[in-house]
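The values are calculated or read from the model by the stated rules, or taken from the named source; none is laboratory data. Since this is a predicted model, take the numbers as computed values, not measurements. Every residue, glycine among them, receives a Cβ derived from its backbone with ideal geometry; neighbour counts consider all protein chains shown. For the accessible areas, the whole protein counts, side chains as well, though only heavy atoms, and no ligand, DNA or RNA atoms are used. Shrake-Rupley method; radii C 1.70, N 1.55, O 1.52, S 1.80 Å.
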Amino acid sequence: MDLLDTPLRVTWELHGTRESTPAEEPLRIAERLCAAGVFFVTLEERPLAHPRIHEILQVLSHGGVRILLVFTGSAAEVAGLVPGLPLDALLLDAGAILSGNGENFSDLARVVEQARENGYQPALQMTPHRGNLHLLLPLLEFGRDLGVGRIKLPNTRIGDRFSPSAAAGIPGPDELEKLRRLLGPDPENHRRGVNLEVHDLFIWELLFPRGEQGGRSEYGGCQAANSLGHVDAEGHLLPCSSWPEKLGSLHQHSLEELWSSPKRLQIRQEIAEVPQGCRGCRDYPLCLGGCRGLARFFNREAGYRDLMCREPRSD
């Protein structure tokens, strides 16, 4: 695995009971992730409802992969949440749970308790979009009140389902300004007592206005096709879940073969260039263009600038 700045992390759409491939194929993909030395795998899309989830977990665990698993609390998932699963973290999808019940936090509290009854101390995650940014402050308060130690705000996931309408829910500068007003003059107070991890640089700036590194690991720019990868439901490898471009199939090729392909290297060369819409920005050395995948596919008219950035910043 060449040209990697940090160990490889992969997200994998392991859809519930939907098996679009032969039964042995998910196990083969798991084996190939292990063979490539993938460090973390995050299993998404109700993986506990997958009929072979326990076999998949064993393959990944025995291969030395650390496993994060997303959980929404459906009946099929609860049946699979038995004590002793080899998980590094159980991530409750607060966004999905809240959107499915009219933004009532009682269901989320119930799912937290279900996880704890089975021996897990869950974290919460919510992918920011235009329809849920107003829930961020109540979510932080909820996590603090229930003793949930970690809340994660991951990036918008597009996967391979690219369409112009997919950008409709991605927050923009206007939504960020509304969030700024909600946070008020003391953002630090809202995240008190919670270990908050924020993927997006522009949301992180609002929550950590003093530039604290807490909540964000050292930022080296877009990591698509470098230290991040994504596997879709059909087994295709993508640069990341926010870059909808297939590198090839893990049913047919090893991860090492796809990672050394000209297409993957071309993507890294593209990321190394300064986007037209970022030229002259004083903060480019900090931002490095933000999310390059979403900008590439959804913000061409602004010179491929991050969708949350209104304009280049000047002194």
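Using the Kirkwood radius over C-alpha pairs as Rh, can you work out the diffusion coefficient of the chain via Stokes-Einstein at 10 °C, viscosity 1.306 mPa s, in µm² per second?
78 µm²/s
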- request: Pop out the ³J(HN,Hα) list for region 38-47 in order, Karplus 6.51 cos²θ - 1.76 cosθ + 1.60 with θ = phi - 60°, rounded to Hz; leave Gly and Pro as x.
  value: 4, 7, 10, 10, 9, 8, 10, 6, 6, x
task: Starting from the amide H of Val148, placed 1.01 Å from N in the peptide plane, find each other amide H under 5 Å away whose residue is 5 or more places distant or on another chain.
output: none
field: For the chain, size of Cβ-based charge dipole, Lys and Arg +1, Asp and Glu -1, in debye
entry: 460 debye
- request: Quick one: what are the phi-derived ³J(HN,Hα) couplings along region 180-192, Karplus 6.51/-1.76/1.60 with θ = phi - 60°, whole Hz, x for glycine and proline?
  value: 4, 5, 5, 5, x, x, 10, x, 4, 5, 5, 9, 4
statement: In order over region 141-149: 3J(HN,Hα) from phi, Karplus 6.51/-1.76/1.60, θ = phi - 60°, whole Hz, x for each Gly or Pro, gives 5, 4, x, 5, 5, 8, x, 7, x
query: Any idea of Glu270's accessible area? Nearest 10 Å², probe 1.4 Å.
result: 60 Å²
message: Probe radius 1.4 Å, ligands and nucleic acids ignored: give me the carbon and sulfur share of the accessible area of the chain as a rounded percent.
response: 49 percent
Fraction of beta bridges assigned by DSSP in the chain that are antiparallel (%, nearest 5): 15 percent
- request: Before rounding to the nearest 500, sum -39500 (n - 2.57) across all DSSP H runs of length at least 4 in the chain and divide by the residue total; then give [θ] at 222 nm in deg cm²/dmol.
  value: -9000 deg cm²/dmol
- prompt: In straight Cα distance, which lysines are under 23 Å from Lys246, not counting same-chain residues fewer than 8 positions off?
  reply: Lys263
Part-to-part distance (alpha-carbon centres) for region 34-60 and region 265-304, which is given in Å: 32 Å
